[in-house]
Amino acid sequence: MMRVPLEATYPARVTRQQREALNRHRSGVVYMTGLSGAGKSTLAAMVEQHLHAQGMRTYVLDGDELRQGLTRDLGFSDADRIENVRRVVEVARLMVDAGLIVITALISPFAADRQAARARFAASEFMEVFVDAPLAVCEERDPKGLYKRARRGELKGFTGIDSRYEPPSFADLRVDSARLTPHEACTAMLAGMAEFGFF
C-alpha cells in the first residue's frame, strides 16, 4: 500500500502576509502606556473608530476589560502585573498574525515589561505610545474614583500611589494628554502611526 505523506493531505496555512494583502494594510501593535486616568482608553477608542471608518481591521485590548476575563485571576502585586502584561502581549501577537492593527491600553508600569513586550515583535510591528499626564492631573480626573479609594487605603498596590510607575525613557510617540484635547490627542496619535508606517 502506498503511503501518502502527511503534509500532502493538508493545505498550507494562510500566512500573515496573505491576511495583510486581503486587509490592504499591514498589521502591528500600538502599545499604549500611562497612568490610570491619563486617557488611554478614550484615545484607543477614538483612534480605533477613525481607523475602522477608513476600512482598517482593528482591535482594542483594554486593560480594564481584560481583567474581567483573561486576567481576572490576577491581582496587583508586581508579579501579577508582570503576568498581566505577558498575557496581553501574547494575545496581541496572535491578533497581529491575524492581520489586525492592535491597540493596547494598559498601565504597563514597569520599563522591563515594556521592553520584553517590544522584544516579542519585529521593530516595524511595535509602536510604543506614552500617554503622558502628571499624577496630579490623573487624580483630578479620577473618572472611576480609584485614586480617592487608594488615598483612603481601600485599594492596595495602586499605580502612582503605593506602586511605582516607571515612565518610558524612550517611546515611539509621546502624547501629552494633560495639554491636548481628546480630539487633538487622537490627531497626534494618527499622525504618529502614519509616520511609523502603519498606513
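Taken together, the values in this text are just the output of simple stated rules run on the coordinates, not laboratory data. The structure displayed is predicted, hence computed values, not measured ones. Cβ coordinates were reconstructed from backbone atoms using ideal geometry, including for glycine residues, and neighbour counts include every protein chain displayed.
Could you list M127, M193 in order of exposure, starting from the residue whose Cβ has the fewest other Cβ atoms within 10 Å? Intermediate results must be reported in sequence, preceding the final value.
Working: M127 25, M193 22.
By the 10 Å Cβ count, ascending, the order reads M193, M127.
Computed from label points 7 Å out along Cα-Cβ, the spacing between V91 and A79 is 2.3 nm.
Quick one: putting +1 on the C-beta of Lys and Arg, -1 on the C-beta of Asp and Glu, what dipole do you get for the range 75-139 around its Cα centre, in Debye to the nearest 20?
Values: 7 positive and 10 negative charges, 38 e Å.
Here the range 75-139 has a charge dipole of around 180 debye.
Separation of the range 59-88 from the range 118-157 is 13 Å, based on Cα centroids. Here is the list for the range 18-106: trypsin sites (Lys or Arg not before Pro) lying in DSSP coil, each with at most 13 other C-beta atoms within 10 angstrom of its C-beta, are R24, R72.
Our helix-only sum for the chain, with -39,500 (n - 2.57) per DSSP H run of n ≥ 4 divided by its residues, gives a mean residue ellipticity at 222 nm of -12500 deg cm²/dmol.
Express in nm, to one decimal, how much length is gained between A123 and T42 on full extension, taking 0.36 nm for each residue of separation and deducting their alpha carbon distance. Don't skip to the answer; put the middle values down first.
Details: separation 81, 0.36 × 81 = 29.16 nm, distance 2.60 nm.
Length gained between A123 and T42: 26.6 nm.
Give me H50, H183, H25 sorted ascending by neighbouring Cβ count inside 10 Å, so fewest comes first. Provide the component values of the computation, followed by the final result.
On the way: H50 16, H183 9, H25 19.
So the residues, fewest neighbours to most, are H183, H50, H25.
Annotation: the residues T33, T15, sorted from fewest to most other C-beta atoms within 10 Å of their own C-beta, follow the order T15, T33.
Extension gain for the segment Q68 to H52, taken as residue separation times 0.36 nm less the Cα-Cα distance, is 3.3 nm to one decimal. Cross-link reach is defined here as a Cα-Cα straight distance under 17 Å, omitting same-chain residues fewer than 8 places apart; for K156 the aspartates and glutamates meeting it are D64, D73, D78, D80, E139, D142.
With N counted as the residues of the range 24-196, its alpha-carbon radius of gyration over 2.2 N^0.38 Å works out to 0.99. Relative to the dominant Cα principal axis of the chain, helix 40-53 is inclined by about 40°. Taking every Cα-Cα distance in the range 6-116 and sorting them into 5 Å bins starting at zero, the pair-distance distribution P(r) comes out as 2, 11, 19, 21, 17, 12, 8, 5, 3, 1, 0 percent. Note on F199/D176: beta-carbon distance plugged into 1/(1 + (r/R0)^6) with R0 of 25 Å gives a FRET efficiency of 0.60.
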